[in-house]
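Data first, discussion second: the structure below is written as structure tokens.
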Ligand code: 17E
Ligand code: FE2
């Protein structure tokens, strides 16, 4: 039997430090000052640092990462649609091995900042389904270290790309976990509606979840979210459905949005906002004033609807400077969404932890709770506020009771009296 005792952890929402006893990879006991543990138990002092469940990145495109360094992939307008065009023109030469090497580098970067749960879109508008094959292999290879969910995502359209719907179905048969779609990219509004309906039909048929790139545009007439939510409500998929991006909601009029929110609440769908990508991609056809294009994060959250943040891109034709650090995403997100009351800052870590886990539909095994897999991270801070204010790094990441990594404290050399602590 393998056992460890992590002493002096500061859990969010509790006053006093606790000890965490782990046996065979599971949280066995969480209590103040645990003194009786079996002989041979490995003891670690967490020193009163904030101890939270691992970060989740519920939306990234691992098949695209680091593809921005090809000069032919350069996106001159900085718009979503040019990103799709540049990707389409340059994606032809991918191989399974090459995709896996890039995806693994991205996962490594994310995991070293505290991520243990990732959901990736995979472009299936490719008759060879090369990226899907790479990602299916990767999901299996990495599963002890990181959970990976795969979305069959038709980047060039379920109908705008010939046979796109069939490729999505094929990908589900091959083992993708979720159905994707991109209704705002289809040729007509009707095709967009049809693609959302088809996504739900396939999800029901193959018992999968749904996560749709929905209304990633500043066009206030892009209203596929209502179709998605109505489908989630009627099919009963509910919280197994997710709306990603929903940028057009930024531009909807308030009367329509008020009506929409009732349906969103009923539907139980989750929302993923990608603050850094969408502040970069949206507003590109505006003069001044220039819209931000981030969905209504604060308003959704205040209405009790689940919203989380995600990275989306790491150096791809859409966004050049993603680095996989969820703390950076959170920082940008609360600024752009104007969620900066003391209470909002205190609770901000929810956007990259529990809210992400809810979206990933993993709440039955997520969190620092007796009986759950002993997965957690320790931040170089004592409180949520301090963590966010100082954009702190992760001191260690523990998976099933074992360290994935430990980070040595930063060392500063100085003779300057002002700079000496
Ligand atoms: N593809 C897409 O449709 N939207 C995005 N934001 C990215 C890829 C990164
Ligand atoms: Fe995306």
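Read-outs: derived from the displayed coordinates by stated rules, not from any lab. Just so you know, these numbers come straight off a predicted model, no measurement behind them. Please note: Cβ atoms are built from the backbone with ideal geometry, for glycine as well, and neighbour counts cover all protein chains shown.
Quick look at the values:
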item: Region 23-119: relative contact order in percent, alpha carbon pairs under 8 Å with at least 6 residues between; result: 42
item: Tilt relative to the chain, helix 189-206 - C-alpha long axis, 0 to 90 degrees, to 10; result: 50
item: Set of region 23-66 residues, backbone N closer than 18 Å to the point 7 Å along the Cα-Cβ line of residue 108; result: 62-66
item: Tilt relative to the chain, helix 80-90 - C-alpha long axis, 0 to 90 degrees, to 10; result: 90
item: Ranked list, fewest to most other Cβ atoms within 10 Å of each Cβ, for 259, 194; result: 259, 194
item: Region 151-202: C-alpha pair distances exceeding 16 Å, %; result: 27
item: Helix-only mean residue ellipticity at 222 nm for the chain, each DSSP H run of n ≥ 4 adding -39500 (n - 2.57), per residue, nearest 500; result: -10000 deg cm²/dmol
item: √(5λ) per eigenvalue of the Cα gyration tensor, region 223-355, largest first, Å; result: 23, 18, 15
item: Share of pairwise Cα separations in region 1-55, more than 18 Å, in percent; result: 27
item: The chain, Rg to Rh (Cα coordinates; Rh as Kirkwood inverse mean 1/r); result: 0.98
item: Highest-fluctuation residue, 232, 395, 255 considered, GNM on the chain with Cα pairs under 10 Å; result: 255
item: Packing-based exposure ordering (other Cβ within 10 Å, fewest first) of 206, 319; result: 206, 319
item: Compactness index (Cα Rg / 2.2 N^0.38 Å), region 6-100; result: 1.91
item: Compactness index (Cα Rg / 2.2 N^0.38 Å), region 327-370; result: 1.29
item: Using alpha-carbon coordinates, inclination of helix 254-267 to the longest axis of the chain, degrees; result: 60
item: Order of 45, 19 under a 10 Å beta carbon neighbour criterion, fewest first; result: 45, 19
item: Paired Rg and Dmax values of region 248-320, which use every Cα atom, in angstrom; result: 13.6, 38
item: Kirkwood-based shape ratio for region 370-421, expressed as Rg/Rh from alpha carbons; result: 1.13
item: Where only alpha carbons of region 142-242 are counted, the Rg and the Dmax (Å); result: 13.3, 44
item: Hull shadow area, averaged, region 82-130 [alpha-carbon convex hull, nm²]; result: 4.2
item: Contour minus Cα-Cα distance for residue 72 and residue 141 (0.36 nm per residue); result: 21.7 nm
item: Computed Kirkwood radius, in angstrom, where 1/r is averaged over Cα pairs of region 299-421; result: 16.7
